[in-house]
Each structure stands twice: as C-alpha cells, then as structure tokens.
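The values are calculated or read from the model by the stated rules, or taken from the named source; none is laboratory data. Everything numeric here is computed off the predicted structure, so don't read it as measured data. Reconstructed Cβ throughout: ideal geometry from the backbone, glycine too, with neighbour counts over all protein chains shown.
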Amino acid sequence: MEIGYGRISTRDKEIEIQKNALEAAGCEKLFFDVVSAAKATRPELIKARDHLRKGDTFIILRFDCLGRSVKDLLKWVGWFEENEINFKSLQENIDTSRPSGKIIFHVFASIAEFEDDLTQERIRAGLASAGGVMTGGHKKVLDEVKAKALQHLYETKEHSLDELSELFDISQSELYDYLRR
C-alpha cells in the first residue's frame, strides 16, 4: 500500500498541491497535519505510521513535510528501514526501494549534517572572538512542568491564547516560543 503524508503550517494554503501530488503518485490513503514542523506532536503523522505495514511505501512531497532537522529525517528513515517500509520524497526524487535512492538519501543527510557542523563551528568561533561571552538570548520564564502544562492546555483548545498568556503570566511572543517547541 502507498500511504501519503503532508504537513502544512497554519498559515500555509498549499494542502491542495500536496494532495494532488500524492494522489498522482498513487497514494491510496492520505494523512495531513496542519501544524508547524517544529511541533513534536503531529497526530496525523502518527496515524500514518500506524497504518504502515511491511512492504508499504510512505510518500511525502518534500523533506520538510516529515521534519526540519537531519536528525528527524534520519530517525524516520531508520524506522522505515527497521520495519521494511519504503520511503519516497517526490520533490527530491528519493525512493529508498531502489539502491540509488538509499545512497542519495544518505548523501543528502551527510551534506546537511556537514552544514550543521559548520554552523556550530562558526558559533564557537564567534564566541571565542567575543571572549567567550554570549549576550542576548531568551531568559526561561517557565520551568519544564509549567511549559508542558501550557502545551497541554493549548492542545485541548479550551483556552484562548490571551487566556493562556494571562494564566501563565507571559507575553504573547513568549507564549508562541513555548508552543513552537
């Protein structure tokens, strides 16, 4: 079975583009999340994963539908390999059911990891040139327990963003920062 998954942000209007592309690729079942890729909770992605069986193919339009980080993508592709599920990304033309698709995916992942390492190296060099002093950044307002409570209350949709902001005594921008985690 070919199962398709799409993800759009709440501001994005491209769900029809993804739907049409996935249907054209032969997907028999489609799942869509309307949520930021940075969100850890993507219920439709979990449902899609739960529908997959050995020999199935999981299809996305492009990598950023599945995850924003190389670590995320590698975790998913590792899970697919462990469960003998094929993976296709239409835009990147990756199909892990073929040897060439497997190697191309790993090359892309290596390049992305290399870029991440370079970014970290630049940050360390910048800190060293500044005498190891880091300025700016965001002061944590909520501890881990309160941040999880905030996330839970937001997901229940029983409170407005204004109510949550007031309840936790944080600004709207701080509220959005916690909800993006």
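Below is a table of values for the structure above.
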read-out: Leading residue by the ranking (modelled with the lowest pLDDT) among those in the stretch 15-38 that are closer than 25 Å to Asp177 by Cβ and surrounded by fewer than 16 Cβ atoms within 10 Å (Cβ to Cβ); value: Ala38
read-out: Hits in the stretch 62-76 (condition: touching a strand residue (DSSP E or B) at 6+ places or on another chain (Cβ under 6 Å) and aliphatic (A, V, I, L, M)); value: Leu66
read-out: Helices (runs of 4 or more DSSP H) within the stretch 63-181 that include 2 or more residues modelled with pLDDT of 85 or more; value: 70-82, 99-129, 144-156
read-out: Residue, surrounded by the most Cβ atoms within 10 Å (Cβ to Cβ), within the stretch 70-95, restricted to residues that are under 21 Å from Ile8 (Cα atoms), without any contact (Cβ under 8 Å) to a residue 24 or more places away in the chain and not basic (Lys, Arg); value: Ile94
read-out: Count - residues of the stretch 96-118 that are free of Cβ contacts under 8 Å to residues at least 24 places away in the same chain, surrounded by 13 or more Cβ atoms within 10 Å (Cβ to Cβ), of a type outside the set (Gly, Ala, Ser) and under 21 Å from Ala25 (Cα atoms); value: 3
